[in-house]
Amino acid sequence: MNRDYKKPWWVLACVLVVSSLTFAQAGRGKGRLSGNVVDEKGEPIVTAEVKIEFEKGGLVNKTSVSKKGEWSFISLGTGQAIVTASAEEFLDISLSIHVQQLERNKFVTLVMKEDKEKKIRLKDAGALEELEKGNQLFQERKFDEALLIFQTFAAENPKVYQIYFNIGDVYREKGEFDKANEQYAMAQVKAKEKADVVLQARALASFGEICLRQEKFKEAQQFFTQSIALNPKDEILAYNVAEIFFGRNQTDKAIEYYQLAIQIKPEWSEPYLKMGYAYLNKGDMVKAVEQLKEFLKHDPKSPQAPVVQSLIDSLAKVK
């Protein structure tokens, strides 16, 4: 009877020993597992990192591969493990492998597929970063450095024809007007091919800007007018045309295009200010004050606000 009473305790002890051995074998032991990481062409991926993790808990370890793409883990216990390889610009790969201590484990080759979508995203992000750098250099008037970046971008991204405007603007600021017009013309051709009205209008405005720099005011006026006709919803173009007329003392025409700019973008303050000056030139004090007040209404914190308010006060006294 005593023998029957003790038997369950012996069985329980065996179970506990087996459980302990199993847990230990899922962690540390005498096993070794090795392999390599390659791409689909069989070339080693030297930037890869490999991780091993036993399915039932226990050891988790990581290692980097060698210059030949090889890796290894030592002192492993027996058990089922997940081996995962990861590398930049590649899709992760995982294999479930049974690790043994008493027998030699097979050499494991992990074949990674290229993450083409991620590679494209990284390339695009890098290109945009370079483009932003070029824009910053342009703002700092470091034109030769900006030009190099823009030209490199154009060579690597031939379908992005907007870059021709960047290149043209650099040449314009360098005073190389013929080269600037060549770039704007290239952009214009591409824009026509794509039926891109916005950029066609921008090209015409760019031609107009070059004419301005050369004091060819009549030609500049024609280009800006054509640009507005092509894209009548661009308030910047309308404003620039108004500036051309205002600069040539064609006040009525200037007012017409300032009003167009306001119709397109009523919250923009600058056209109100310039239209106020235009009416002032015409001798129409009442309308001048109306427009100057509109300017202050839309931009009360403008640095020009005190001067404008003083002008309004002066005009009020004249009346």
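Read the figures in this text as sums done on the coordinates, not as results from a lab. Just so you know, these numbers come straight off a predicted model, no measurement behind them. Note that we place each Cβ from the backbone using ideal geometry, even for glycine, and neighbour counts take in every protein chain shown.
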The chain, relative contact order in percent, only Cα pairs under 8 angstrom and at least six apart counted: 8 percent
Within a Gaussian network of the chain (alpha carbon springs, distance under 10 Å), most fluctuating of LYS56, LYS233, LYS282: LYS56
Radius 11 Å from Cβ of LEU33, net charge of other residues (Lys, Arg +1; Asp, Glu -1): +3
SER302, SER206, SER96 arranged by Cβ crowding within 10 Å, fewest neighbours leading: SER96, SER302, SER206
Charge dipole of the chain about the Cα centre (unit charges at C-beta), most positive-ward option of GLN221, PRO300, VAL37: VAL37
Whole-number Å³ per residue for the convex hull built on Cα positions in the range 251-319: 68 Å³
Cα gyration tensor shape of the range 118-231, rounded if a/c is under 1.5, else prolate or oblate by comparing a/b with b/c: oblate
Chain lengthening between LYS282 and LYS56 when straightened (0.36 nm per residue, less Cα-Cα): 72.5 nm
Hydrodynamic radius by Kirkwood, which averages 1/r over all alpha carbon pairs of the range 25-114, in angstrom: 12.9 Å
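Using +1 on the beta carbon of Lys and Arg, -1 on that of Asp and Glu, and nothing else charged, what's the dipole of the range 168-319 about the Cα centre, debye to 20?
220 debye
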Among ALA146, ALA205, ALA155, residue whose mean-square fluctuation peaks in a GNM of the chain (springs only between Cα atoms under 10 Å): ALA155
Cα-based Rg and Dmax for the chain, where Dmax is the largest Cα-Cα distance (Å): 36.8, 126
Normalised contact order of the range 25-114, rounded percent, pairs of Cα under 8 Å and 6 or more residues apart: 39 percent
Loop-located GluC sites (Glu not before Pro) in the range 235-319, at most 10 other Cβ atoms within 10 Å (DSSP): GLU267
Count of Lys pairs (Cα-Cα under 24 Å; at least 8 positions apart or interchain) in the range 118-231: 24
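If you stretched the chain out fully between GLU88 and LYS293, how much longer would it get, using 0.36 nm times the residue separation minus the C-alpha to C-alpha distance?
Full-extension gain reported as 67.9 nm.
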Simple Cβ-charge dipole of the chain, Lys/Arg +1 and Asp/Glu -1, about Cα centre, in debye nearest 20: 1240 debye
Among PHE107, LEU95, SER66 the positive-end extreme of the charge dipole of the range 25-114 (Cβ point charges): PHE107
Distant-in-sequence amide H partners of GLY29 (H built 1.01 Å from N, under 5 Å): LEU76, GLY77
Binned Cα-Cα distances of the range 177-319, short to long, each 5 Å bin given as a whole percent: 2, 11, 18, 17, 17, 12, 10, 6, 4, 2, 1, 0
Cβ-based net charge around ASN231, under 11 Å, with every Lys or Arg adding one and every Asp or Glu removing one: -1
